[in-house]
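**Student:** The structure's right below; bear with me while I get my questions together.
The values are calculated or read from the model by the stated rules, or taken from the named source; none is laboratory data. No experiment lies behind these values; they were computed from the predicted model shown. Reconstructed Cβ throughout: ideal geometry from the backbone, glycine too, with neighbour counts over all protein chains shown. To get the accessible areas, we keep the full protein, side chains included, count just its heavy atoms, and leave off ligands, DNA and RNA. Shrake-Rupley method; radii C 1.70, N 1.55, O 1.52, S 1.80 Å.
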Amino acid sequence: MEQFLVEPVLGRHMELFGYDVSFTNSALFMVVVFVLLAVFMVGGMKRELIPGRWQVMAEGAVGFIDNMVNVNIGSGGKKFAPYIFSLFFFILFANLIGVMPLAVVPGLHTFAVTSHITVTAVLAFLSFAIVLIVGFARHGLKFFSLFVPAGTPWWLLWLIPPVELLSFMVRPFSLALRLFVAMTAGHILLEVFGSFVVQGFASGGPLGWMVSILSFVMIVGVSALELLVCAIQAYVFALLTSLYLHDAVHLH
């Protein structure tokens, strides 16, 4: 399970004022994600009269996020498009890099950044903080009316606001856990079926070979499913963030 182990690059530890500030493989892969995303956007911003494939992909990506923002946030949501764009494509690229088979090269293995709850929690709580800042900046204390839905009977005011508040406070945890669990589960399944393949061939006999072949088929299926999950989880994270921003921008 090396892909889940956070360790210093080249095995060198660095300390500053008694704290371990080593440049880890987690930080390295986040830098790789940033560089790939930057290359993707810079290469697609040529603004040619007849756009090439790269420019079409970049413009399509921007248009996709712009449409998401317009539909889910509405008026006043344009300013959040860069953040939603960065969030979506950072998660997407990190997910896809996390499933690359780098382990075929001896001594190398990929690192699943989004399979660590520390990373997904930072993204989730950053989004939640933006929602709070926008909500209080635009509406002041009236933002608390979000926890009292319109048309709530007076005799339910003792119950509905606490329930709505609890639901609101759970949002960052659900965002972080959803992405973390989905990516971790997929990687663990691949590890489990991979061990079945090896053990089946090692045991010998027709039963062992059958187990290995069936496990390999499952690996192919899980790999295809995980590629789909990579995109779905990035979309869900960005979509829910835009919906939460809608509540902050358009208080009902």
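**Student:** Classify the range 26-133: rounded, prolate or oblate, from the alpha-carbon gyration tensor (a ≥ b ≥ c, eigenvalue square roots; a/c under 1.5 rounded; otherwise prolate if a/b is larger than b/c)?
**Tutor:** Oblate, because a/c is 1.5 or more while a/b does not exceed b/c.
**Student:** Quick one: 3J(HN,Hα) in Hz for the range 214-226, Karplus 6.51/-1.76/1.60 with θ = phi - 60°, rounded, Gly and Pro as x.
**Tutor:** 5, 5, 5, 4, 5, 4, 4, x, 5, 5, 5, 5, 5
**Student:** By how many degrees, 0 to 90 and rounded to 10, does the Cα axis of helix 117-139 deviate from the longest principal axis of the chain?
**Tutor:** 10
**Student:** Would you grab the residues whose amide H sits under 5 Å from the one on T24? Only those 5+ places off in sequence or on another chain, please, with H modelled 1.01 Å from N.
**Tutor:** Residues meeting the amide H criterion: V9.
**Student:** If you don't mind, there's one more thing I want to ask. State, as an integer percentage, the relative contact order of the range 1-145 based on alpha-carbon contacts under 8 Å between residues 6 or more apart.
**Tutor:** On the way: 111 pairs, mean separation 29.1, N = 145.
Answer for the range 1-145 is 20 percent.
**Student:** Still on this model: Give me the percent relative contact order of the chain, please, defined on Cα pairs under 8 angstrom at least 6 residues apart.
**Tutor:** After rounding, I find 23 percent.
**Student:** Determine the per residue accessible area of the range 3-117 with all protein chains present and a 1.4 angstrom probe, expressed in square angstrom.
**Tutor:** About 61 Å² of surface per residue is accessible.
**Student:** Here's another thing I want to ask about it. Helix 160-203 versus the longest principal axis of the chain: what is the Cα-based angle in degrees, 0 to 90, to the nearest 10?
**Tutor:** Here the helix axis deviates by roughly 10 degrees.
**Student:** Taking all pairs of different Cα atoms in the range 73-184, averaging 1/r and flipping that mean, what Kirkwood radius in angstroms comes out?
**Tutor:** Mean inverse Cα-Cα distance, inverted, gives 16.8 Å.
**Student:** Which three extents, in angstrom, do the Cα atoms of the range 160-251 have along their principal axes, listed largest first?
**Tutor:** Its Cα atoms span 66, 24, 15 Å along the three principal axes.
**Student:** Wrap a convex hull around the Cα atoms of the range 138-194, take a quarter of its surface area, and give that in square nanometres. The partial results should precede the final answer.
**Tutor:** On the way: hull surface 24.4 nm².
Projected over every direction and averaged, the Cα hull of the range 138-194 covers 6.1 nm².
**Student:** Do the sum for the chain: with -39,500 (n - 2.57) for every DSSP H run of n ≥ 4, divided by all residues, what is the mean residue ellipticity at 222 nm, to the nearest 500 deg cm²/dmol?
**Tutor:** -24000 deg cm²/dmol
**Student:** Can you tell me which of P106, P172, P161 moves the most in a GNM of the chain? Springs connect C-alpha atoms under 10 Å apart.
**Tutor:** Largest GNM mean-square fluctuation: P106.
**Student:** Another question, if that's okay. Toward the positive end of the charge dipole of the chain, about the Cα centre and with charges on Cβ (Lys, Arg +1; Asp, Glu -1), which of A129, H13, F29 goes farthest?
**Tutor:** So the residue furthest toward the plus end is A129.
**Student:** Something else: In terms of Cα to Cα distance under 27 Å, which lysines are near enough to K142, apart from those fewer than 8 places away along the same chain?
**Tutor:** Within reach: K78, K79.
**Student:** Mind putting together the pair-distance distribution for the chain? All Cα pairs, 10 Å bins, whole percent per bin, short to long.
**Tutor:** 6, 23, 27, 23, 14, 6, 1, 0
**Student:** Continuing with the same structure: Quick one: check the C-alpha center-to-center distance for the range 106-124 versus the range 185-252, whole angstrom.
**Tutor:** Spelled out, the Cα-based centre of one part sits 15 Å from the other.
**Student:** While we're looking at this one, here's another question. Give the carbon-plus-sulfur fraction of the accessible surface of the chain in %, rounded to a whole number; probe 1.4 Å, heavy atoms of protein chains only.
**Tutor:** 76
**Student:** Moving to a separate point now. If r is the Cβ-Cβ distance from H250 to V6 and R0 is 45 Å, what FRET efficiency results, to the nearest 0.05?
**Tutor:** Here the calculated transfer efficiency is 0.65.
**Student:** Could I ask something else about it? How far apart, in nm, are two points set 7 Å out from the Cα along the Cα-to-Cβ line at L157 and at R178?
**Tutor:** 3.3
**Student:** A further question on this structure: Under a Cβ-only charge scheme (Lys and Arg +1, Asp and Glu -1), can you give me the dipole magnitude of the chain about the Cα centre, in debye to the nearest 20?
**Tutor:** 660
**Student:** Moving on to the next point. Give the peptides 136-148, 8-20, 210-222 in descending order of average Cβ contacts within 10 Å, highest first. Please report the intermediate quantities before stating the final value.
**Tutor:** Details: 136-148: 13.3, 8-20: 9.0, 210-222: 15.1.
The densest-packed peptide leads the list: 210-222, 136-148, 8-20.
**Student:** Starting from the range 29-82, pick out the trypsin sites (Lys or Arg not before Pro) whose DSSP state is loop and whose Cβ has at most 10 other Cβ atoms within 10 Å.
**Tutor:** Counting only loop positions with at most 10 other Cβ atoms within 10 Å, the trypsin sites (Lys or Arg not before Pro) in the range 29-82 are R47.
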